[in-house]
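Single-structure report; data block below.
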Amino acid sequence: MKKNNLDNPQEVHKVNIEKNTIAIFGNNALECLQLIFWGWIRNLKMLIILPGIPSNLRSTLKHIFFIKKYLQESIKEHKASLGNHKGLWYEANEETIDLTLKFYDHHIKGKNKSIKYYKNILNTEKFEAYVKKKISGHIFALLKDLHTVRLTDLRQNKILINRNPINSFVITHMENKYKTNYQIRWVLSRWWLFYLCVYYGWLFKQFFSRGITFNKRKKTYKISKEATWDFYGRTLRDDILIDNGKFKMNDILMLEFSPQDPLRAKAFKEAMKRGFDTASLPKLKININKNILGFLFFYFIVPLRAFFQSMKQESYFLFYIFSFHRGCFPVEVLMNSFDIKYNLSIVDINDITTTIILNKYGAKNVIFHWSDLTSYRSYDQAFIAHNIYFAWGDIQYDYHSATRFIDKKVNIGCIYKREYNKAAKNKEGIITQIDGFKRGKKTVTFCDTAFSDSFVYTELFFLEYLEIIKEYCERNKEVNVLLKPKKGEEAVLRLLKDNVDQYKKIRNELFSLANFIYLDPLKWKIEDIIAISDVCVSMGMNSPSTIAILCGKNGLYFDNTGNIYHPFSKKYKNLIAFEDKDRLLKQIDNILNGRFDCRDVISDREIKEYDANSDDNALERLRENLYRLTS
């Protein structure tokens, strides 16, 4: 896969796009709306860099006939990816975290009255995490667009952007650091009252659509959890806590947050079918009880106070305030209807509003992680604020600890080892279920991962990875070569845009090879596949190979995206982590021939950092800790 060379900052990618005005709005949907109306009034031809207009905003605008026509005729979307520039995705993430901290310290800390007010009325420092999380998301979205502009012919185009402190701060940083000049057309924000009307329109809609109930008796639960994983996995199951000892079905309330998500909706329906008590947060009625005056004060009066504080100098901050109240509202409705002691969160990159409202009612938000968190310092993993974090080992938490608002960390060990050990004892049973598997032959499993041209792992990287699998199959006809995909065939085809034909060609060539075996991701779980494999190869610096290593198996990584941040990519380049295809394939051969073993180079101390406990009792520790907390 050809990458642009960042060592040459003057290298420009030719995109051959006409000189439309580029609209840049970060992740602020209201700024996007303002720029669209601004362009419509002036009949501008505008270009928006993908992922483009937020889907919920787009669906609303399509119902306004004159804007619908403008969207169709005058706004184009430009496909671009930081992943096409080697190392830039990681650099942008590091930049985002650094700029968020600088902006907060220089422009907000000690100056913004709203933050002090929210901290006081909510009695928490975690509101600061919420603000930093929102700022970081906006900054990263700006950086993606601004890097795209400077590295392509788009740098000749004018940029339309709202004038506010964050946008000005980021553009100044980019121009100074990369010695570039953007052609900026600043748009003054005059939409303060509109922001307020949108919020109160949404709030009144909540009351009318949900309905009300009076003094509903609160039922108590030890744990609440969003139904999301279903009940068919080995380790990650929605009934993961239930052992019919410490936790029984009636101890847990299963929640639905996103009925529009097909997989989550399916998991929620399955929880109902299995007899769990359930609550759909978007559909819960508002319980009118002794807390109602405080409830009304927080959602009707407090945002109005923030509005008058922020509308002049900090109008951009209103978007965060109104988004905060919208995020808090369904959780507050939940806590006003049920007594919940702890929520087991499955949102590992956000969930701050949930934590704050749970804490307001004396409950706690806890999480355990389910993947390797040391790939790189992602802005997504920064500024999270759960109360308790159950980690595999120190490094999985400490890698991001400088930017986290966690009250307590507890090491429990790698959660996958129990099911891996069960699978290792049942290798023959697993093998008999795999069509085409040759007994007595070596086995190599390749694991792909999520990809998108809006992500570091692009469509081209995914296709390159498939080509490597094909080449290995052709070279090693006596080896069982397994592909354990993260997503099914339909999902892959949806993700691919311009490369569907190339994918189908590679796929057909793979399926024509006698030693290639495709594993249905809905049927096969990673614990089973690692157990029957001699080596696991991950696309990118991702979890399957890390889990394999922690389970005592060999794991390798292929990543030529410029990731120098994972501890293994730094220390074990060309031993465990590879940018070069031929070196990767040679190391697989070395492993199969007994000339190399990952545990010969990775020390016991390093393993312990990733997995604090050598046994396979991680989930028992999770249950035991939660049982003590809820008893």
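Taking the criterion of being touching a residue at least 40 places away in the same chain (Cβ under 8 Å), of a type in the set (Lys, Arg) and within 30 Å of Tyr399 (Cα to Cα), would at least one residue in region 515-529 satisfy it? Yes, because at least one residue in region 515-529 is touching a residue at least 40 places away in the same chain (Cβ under 8 Å), of a type in the set (Lys, Arg) and within 30 Å of Tyr399 (Cα to Cα). Restricting region 40-81 to residues that are in contact with a Lys or Arg (Cβ under 6 Å, 6 or more places away or on another chain) and touching a residue at least 60 places away in the same chain (Cβ under 8 Å) leaves a set whose member that is surrounded by the most Cβ atoms within 10 Å (Cβ to Cβ) is Leu47. Scanning region 214-226 for residues that are closer than 20 Å to Phe297 by Cβ, polar (S, T, N, Q) and surrounded by fewer than 16 Cβ atoms within 10 Å (Cβ to Cβ) turns up at least one hit. Residue pairs whose Cβ atoms lie under 8 Å apart, separated by 6 or more positions or on different chains, with the first residue in region 101-130 and farther than 16 Å from Leu304 by Cα and outside the structural domain of Tyr299 (by TED's automatic domain parsing) and the second small (Gly, Ala, Ser) and surrounded by 13 or more Cβ atoms within 10 Å (Cβ to Cβ), are Lys126/Ala385; Ala129/Ala385; Tyr130/Ala385. If you go through region 553-583 and pick out every residue that is in contact with a strand residue (DSSP E or B) (Cβ under 8 Å, 6 or more places away or on another chain), of a type in the set (A, V, I, L, M, F, W, C) and either surrounded by fewer than 21 Cβ atoms within 10 Å (Cβ to Cβ) or in a loop (DSSP other than H, G, I, E, B) (or both), you end up with 1.
Scan Tyr399, Tyr457, Tyr420 and give me the residue that is touching a Lys or Arg at 6+ places or on another chain (Cβ under 9 Å), of a type outside the set (S, T, N, Q), modelled with pLDDT of 95 or more and within 29 Å of Asp520 (Cα to Cα). Just a single option satisfies the conditions, and that option is Tyr420. Within region 18-53, the residues that satisfy the criterion of being within 30 Å of the chain's Cα centre (by Cα) and either assigned to a helix (DSSP H, G or I) or of a type in the set (Gly, Ala, Ser) (or both) are Ala23, Gly26, Ala29, Leu30, Glu31, Cys32, Leu33, Gln34, Leu35, Ile36, Gly52.
Checked against the criterion of being closer than 24 Å to Tyr397 by Cα and without any contact (Cβ under 8 Å) to a residue 24 or more places away in the chain, region 575-591 has no qualifying residue. Within region 172-185, at least one residue is within 28 Å of Lys134 (Cβ to Cβ) and part of a loop (DSSP other than H, G, I, E, B).
The strands (runs of 3 or more DSSP E) found entirely in region 249-305 include none that carry 3 or more residues being among the hydrophobic types (A, V, I, L, M, F, W, C), within 24 Å of Asp351 (Cβ to Cβ) and not assigned by TED's automatic domain parsing to the domain that holds Leu344.
The values are calculated or read from the model by the stated rules, or taken from the named source; none is laboratory data. What you see is a predicted model, and the numbers here were worked out from it, not measured in a lab. Cβ: placed from backbone, ideal geometry, glycine included. Neighbour counts: every protein chain shown.
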